[in-house]
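Below is one structure; the comments refer to it alone.
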Amino acid sequence: LPRRAKYGQGLLEDAARVKEPDRALIEKAVQEAQKHIRALVQSHFINAIAFIGEEGVTIPCLAGYPMVTVPYGADNEGYPLGATFFAMAGQDEFLMNLAYAFEQGTILRMIPEKYLQNEQR
């Protein structure tokens, strides 16, 4: 059996088979994602958005905005958790400072034992 990534491997394989992407469709999707995020940021007067894990990555990834995930402990079953932050284009330094401040302020970063057990097999 071929070894596959746990999530989304089929999407990568489908994308690899595309010979000529629809650039107009892609550009429209990027603009819509950016428009949606700008509206959210402006209406709530915020500089960044945070969420748990990878649950909200689709729109900021599509928009091309900087994103970073900071580990913060483990869940009840011992699997690693992360807080993901993203900001507007050109805000990379601000985002790294925010992520660093979160990591230093929470002091929750750890190596989950259950993760290490799975890696040793």
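The values are calculated or read from the model by the stated rules, or taken from the named source; none is laboratory data. In this text, all values refer to a predicted model and were calculated from it rather than measured experimentally. As a convention, Cβ positions derive from the backbone with ideal geometry for all residues, glycine included, and neighbour counts pool all protein chains shown. Side chains included, ligands, DNA and RNA excluded: accessible areas come from the protein's heavy atoms. Shrake-Rupley method; radii C 1.70, N 1.55, O 1.52, S 1.80 Å.
I'd like to know if the stretch 87-97 contains one or more residues that are touching a Lys or Arg at 6+ places or on another chain (Cβ under 9 Å) and outside any strand (DSSP E or B).
Checked the stretch 87-97: at least one residue is touching a Lys or Arg at 6+ places or on another chain (Cβ under 9 Å) and outside any strand (DSSP E or B).
Every test in (1) open to solvent by 100 Å² or more (accessible area, probe 1.4 Å); (2) within 17 Å of Phe86 (Cα to Cα); (3) in a helix (DSSP H, G or I) is passed by Lys28 save one, and that test is (2). Within the stretch 3-25, not a single residue is outside any loop (DSSP other than H, G, I, E, B), surrounded by 11 or more Cβ atoms within 10 Å (Cβ to Cβ) and either modelled with pLDDT of 95 or more or touching a Ser or Thr at 6+ places or on another chain (Cβ under 7 Å) (or both).
Could you tell me whether Gly78 is over 10 Å from the mean Cα position of the chain (by Cα) and outside any loop (DSSP other than H, G, I, E, B)? Can you show your working first?
Working: over 10 Å from the mean Cα position of the chain (by Cα): yes; outside any loop (DSSP other than H, G, I, E, B): no.
No; evaluated as a whole, the condition is false for this residue.
When the stretch 35-66 is filtered for residues that are open to solvent by 50 Å² or more (accessible area, probe 1.4 Å) and assigned to a helix (DSSP H, G or I), the ones remaining, listed by number, are Lys35, His36, Arg38, Ala39, Leu40, Gln42, Ser43, His44, Thr58, Ile59, Cys61, Leu62.
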